[in-house]
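The values are calculated or read from the model by the stated rules, or taken from the named source; none is laboratory data. In this text, all values refer to a predicted model and were calculated from it rather than measured experimentally. Cβ coordinates were reconstructed from backbone atoms using ideal geometry, including for glycine residues, and neighbour counts include every protein chain displayed. With ligands, DNA and RNA removed, areas are computed over all heavy atoms of the protein, side chains included. Shrake-Rupley method; radii C 1.70, N 1.55, O 1.52, S 1.80 Å.
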Amino acid sequence: MDQRTRTGTSTGDTGSAGSTGGRARRGGRAGVAAALAAVALATLSGCFSPPRPNVVMPSNWPSPSSSSSSYNPYDPTPSYTPGYDTYSPSPSPTQETFDPDGRSDVRGSGCDFSASLRRFTYTLSITNPSTTSTYSYDMRIDWMKDKPADGTTYGVHERSVVVAPGATETYTATYTLNQSSWQAFWYTCQITRAHKTKM
């Protein structure tokens, strides 16, 4: 009868089981260590924060107020418009223009001839338009032949008249014929010259 021992088999099975149990225990310890390491990393990553600086604000700084500022970041135009004094220069007086030909300052009237006196007469009014200057008017009056007007002069009157600023001087220019008799004729009165100079 064959006898078979089971020592080797048992030993082998026991050793195999023991080896498996040892690996299981080592694996369990490694898993626990890994879990602890993960928890530690998670704890460290969640709790870390850099230190904050200690900032002390000056006590005299005004506190911000939303109603004290009208600044709009979307409309940067300031609400305050600076005012400036406007300068309005007073108008300067109009400079007087001087024309030495003063015939426009003279008005004539009453161009006449007296047959009994053989005298021509012509009344003149000279007005000085200046408000600041006195002018002397060098006058010449001609009584000219008319119908036909051929340039013939019957008589001449010359005189200088001084007129103050804004004033009017009136006088009558005269001329007397030398001849004692004449035929009927036509005549006209002409202001030939009224040259003015500043006094």
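Observations, loosely collected:
- Using a probe of 1.4 angstrom and keeping all protein chains present, the accessible surface of the range 149-199 works out to 66 square angstrom per residue.
- If the convex hull is drawn through the Cα atoms of the range 88-199, its volume per residue in Å³: 117 Å³
- Per-residue SASA entry for residue 120, accessible area with 1.4 Å probe, Å² rounded to 10: 0 Å²
- Sequence of 145, 198 from largest to smallest accessible area, 1.4 Å probe: 198, 145
- Stretching residue 197 away from residue 99 to a fully extended chain increases their span by 34.4 nm, per 0.36 nm per residue minus the current alpha-carbon distance.
- Fully extended contour minus Cα-Cα distance, from residue 188 to residue 156, at 0.36 nm per residue: 10.3 nm
- Heavy-atom accessible area, probed at 1.4 angstrom with all protein chains present, ranks 107, 193, 119 as 107, 119, 193, highest first.
- With a simple spin-label model that places each label point 7 Å from the Cα along the Cα-to-Cβ direction, the separation between residue 181 and residue 168 comes to 4.5 nm.
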